[in-house]
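Notes to accompany the following structure.
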Amino acid sequence: MIGEGLAALPVDEKFEPNEKLKETWKFSVDNPEAFWAEQAKQLDWFKSWDGVLEWENKKARWFNGGKLNASHNCVDRHVATWRKNKVAYIWEGEPGDKRVITYAELYREVNKFASVLKDLGVKKGTFVAMYMPMIPELPIAMLACARLGAPFTQVYSGFSVGALAERTRHTEAEVIVTADGVFRRGKVIDLKGVVDKAADQCPSVRKVVTVERTKHGVEMNPEKDIWYHDAIAGAKERYVAPMPVDASHILYVLYTSGTTAKPKGVQVCTGGYLTYTCSTLRWAFDVKEEDVWWCFADIGWVTGHSYIVFAPLALGLTNIMYEGAPDHPDPGRTWRMIEENEITKFYTSPTLLRLLMKYGDDIPAKSDLSSLEVLGTVGEPINPEVWRWYYKVIGKERCPISDTWWQTETGGFMISPAPGIQLAPLKAGSATFPMPGIDPVVVNENGDPVPMGVKGYLIIRKPWPGMLMTLYKDDERYLDYYWNRYPKAAGDRFYTGDYAVQDKDGYYWLLGRSDDVLKVAGHRIGTIELEDVLVSHPSVAEASVVGKADPIKMEVPVCCVVLKMGYEPLPELAEELKLHVRKVIGPVATPAAIHFVGNVPKTRSGKIMRRVIKAIVDGQELGDTTTLEDQAAVEEVKRVVEASRAGSI
Ligand code: WTA
């Protein structure tokens, strides 16, 4: 029962390893409709579906004809039972303030805010944008929108004006919900100022609702601005009936970086998504009624949408929600919170673990972590040494680690250990096996499956209920990127953009992105998006961005920049360019280095050789450079990067 190269968990000797897991999986892929119809029964439906899956032109419509409401599933159905007084959220602010919100209170707040939105003219189909920190009003606003059938788009609060404005414009949102600010590492970060600037660029925005969090004094425009607390106090209705929507009604659009300068608006449905996120949360974390679930992520990303808001609430769980930094005011914060709240299931990113690991084992040793039962990670491949640390130092070799591989586009976990079904022996750094209903395969450039042990592109062969419906307002890009990538391959194959390898035991190992998308501290950032922003600066003629390996953040953006005539490659200009990126995209995208060069290495056909530049910044072998147009450009990048490494620039 021991996985290759590591101690796996002791598994009950009585059962055959993986028998149940294999059987469940096999049944699910052989009978997807019967399987998923059974899963959908965990939700409340106002009207049952006519068909389980309609699959046309690479678009899945799950549970067609079925009607439901996400807000009803997340709150109303619980307040009708004993769960009424169960805690939905234990929220902790960074300064240490706390709020405990029961399902009954959540229900009241969601209804009141739905009434407010309704009064502002929000109805089924009206988009609402959110630029919110991690405060309870964020899930409340999401559920209030869902109640009205109004799709929302949440923009991560680490993004800046340009990113917020672009997303708000693209969805033509009529209302923005925000907060005055947020506490981060003891400082106040202003959010309302960013919203004001963005709203000025978005003619569709009629109103801005602001939650008072930091009270640092923000400007309120009497025509556009409303305080959240005033609006709630004046809410006309105490109950707003949840709007029954079609199973394929848009629940939200979440933008994520892709391989072009324009972010992709991942469009998510209601019925399939809720079914999928609930099932996967049960399978990967074996969640139970009495659990205290802490998904330590930001709701601005998909992890928070699916596993801080929709799935745990639909399942009636008690959630922890935390506003601030994991190591503030001291490195023990996260572990103390686990002890104080007796967390049973803890889920976070390798970046956060690497950050906390560097403080040493004495810090977690100060907290009693014995309540923990299952641990999880997401967002990047987890390094085996970090996995082992998590397993030993945090989980005390008692807790399985669910390394969940998935994406914004997939809605929920795709490949992950499944202690909720049966725990297979674990291997440090492998996401193990596909979730039920998921049929992955590793292929080569031609779309042909590669043998076990060979690295290739990960694709998914069957539709699943959590999958995106399309890219908002961009069917063509949806088809091009995800489905038409391997025209020669037979059948329907969803391209994930990741490299993977299956080992001889059938375990999947995820090996990072195979396209031009970086993972910086778990955040997806498109290299071309960054290049576009750099080129928008008056001094820049051309830019090429690659990810440089980083011990904590996994990778950080490094930029080679060709200046226009008349501009000097001065350190001040490099700083200005970094600031420019921060301003347009946000602090998450800040370049770690700007290298000024005369030319960027390109192929003869004019494509930037990012692979070569990446090898240079990572200090690795360059590999095949025969298609390069100009060897001198490579030499120059090498010289500049090495000089900066030596500290002479
Ligand atoms: C990466 C986050 C390895 C992967 C939920 C994917 C992972 C991208 C894992 C999606 C994991 C996510 N192991 N890599 N367990 N989980 N990734 O859309 O490259 O922000 O394509 O969704 O994160 O990032 P996204």
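Quick note: the coordinates plus some simple rules give every number you see, no bench work behind them. Quick caveat: nothing in here was measured; it's all calculated off a predicted structure. In this analysis, Cβ positions are derived from the backbone assuming ideal geometry, glycine residues included, and neighbour counts consider all displayed protein chains.
Quick notes on this structure:
- Here the simple spin-label model places points 7 Å from the Cα toward Cβ, and for Y359 and R398 these points are separated by 2.2 nm.
- Trypsin sites (Lys or Arg not before Pro) within segment 28-80, DSSP loop, no more than 14 other Cβ atoms inside 10 Å: K41
- Antiparallel bridges, percent of DSSP beta bridges restricted to the chain (to nearest 5): 60
- Per-residue Cβ neighbour counts within 10 Å put L120, L313 in the sequence L120, L313, beginning with the fewest.
- FRET efficiency estimate (nearest 0.05) - Cβ-Cβ, K564 to T603, R0 30 angstrom: 0.80
- Amide H contacts of T318 (H built 1.01 Å from N, under 5 Å, at least 5 apart or other chain): W293
- Contact order for segment 521-645, expressed relative to its length and based on alpha carbon pairs under 8 Å spaced 6+ residues apart, stands at 22 percent.
- Dipole in debye (nearest 20) - the chain, about Cα centre, beta carbon charges: Lys, Arg +1; Asp, Glu -1: 860
- Distance-filtered residues of segment 497-534 - backbone nitrogen under 14 Å, label point 7 angstrom along K58 Cα→Cβ: 497
- Among the listed pairs K22/K504; K288/K366; K564/K638; K26/K427; K288/K396; K553/K614, those beyond 19 Å (Cα-Cα): K288/K366; K564/K638; K26/K427; K288/K396
- Annotation: amide H-H contacts under 5 Å for L563 (H modelled 1.01 Å from N, sequence separation of 5 or more, or interchain): A541, V597.
- The label point for H328 and the one for E172, both projected 7 Å from the Cα toward the Cβ, are 3.9 nm apart.
- Between segment 266-302 and segment 494-516, the alpha-carbon center distance in angstrom: 23
- Span from the segment 352-417 Cα centroid across to the segment 152-220 one, whole angstrom: 32
- The phi torsions of segment 214-228, fed into the Karplus equation with coefficients 6.51, -1.76 and 1.60 and a -60° offset, translate into couplings of 9, 6, 8, x, 10, 7, 10, 8, x, 7, 9, 8, 9, 6, 4 Hz, rounded to whole numbers, with Gly and Pro shown as x.
- Selection from Y239, G265, S28, by position along the positive dipole direction of the chain (Cβ): Y239
- Residues of segment 505-538 with amide N under 17 Å of the 7 Å Cα→Cβ point at D448: none
- Residue by residue, segment 24-31 carries 3J(HN,Hα) couplings of 4, 5, 4, 4, 5, 7, 7, 10 Hz when phi is fed to the Karplus relation 6.51 cos²θ - 1.76 cosθ + 1.60 (θ = phi - 60°); x denotes Gly or Pro.
- Distance between the 7 Å Cα→Cβ label points at K366 and R77: 4.3 nm.
- Normalising by residue count, segment 521-645 has a Cα convex hull of 107 Å³ per residue.
- Between V584, I613, V558, the Cα set farthest toward the positive side of the dipole of segment 521-645 (charges on each charged residue's Cβ, about the Cα centre) is that of V584.
- Derived value for the chain: Kirkwood hydrodynamic radius 25.5 Å. Basis is the mean of 1/r over every pair of different alpha-carbon atoms.
- Hz values of 3J(HN,Hα) by residue in segment 492-509 - Karplus curve (6.51, -1.76, 1.60), Gly and Pro given as x: 9, 10, 8, 7, 8, x, 10, 8, 8, 9, 9, 7, 5, 8, x, 6, 8, 10
- Residue (of I90, L281, N111) at the positive-pole extreme of the chain, dipole from beta-carbon charges: N111
- For the chain, the longest piece that avoids every one of the chymotrypsin sites (Phe, Trp or Tyr not before Pro) found in DSSP loops with at most 12 other C-beta atoms within 10 Å covers 240-649.
- Relative contact order, percent, the chain [alpha-carbon distance under 8 Å, six or more residues apart]: 13
- Sparse-neighbour loop sites [GluC sites (Glu not before Pro); segment 148-194; at most 16 other C-beta within 10 Å; DSSP]: E172
- Around the amide H of G412, modelled in the peptide plane, lie the amide H atoms of Q407, all under 5 Å away and 5 or more residues distant in sequence or on another chain.
- Between segment 74-121 and segment 460-478, the Cα center-to-center distance that results, in Å: 31
- For segment 521-645, size of Cβ-based charge dipole, Lys and Arg +1, Asp and Glu -1, in debye: 280
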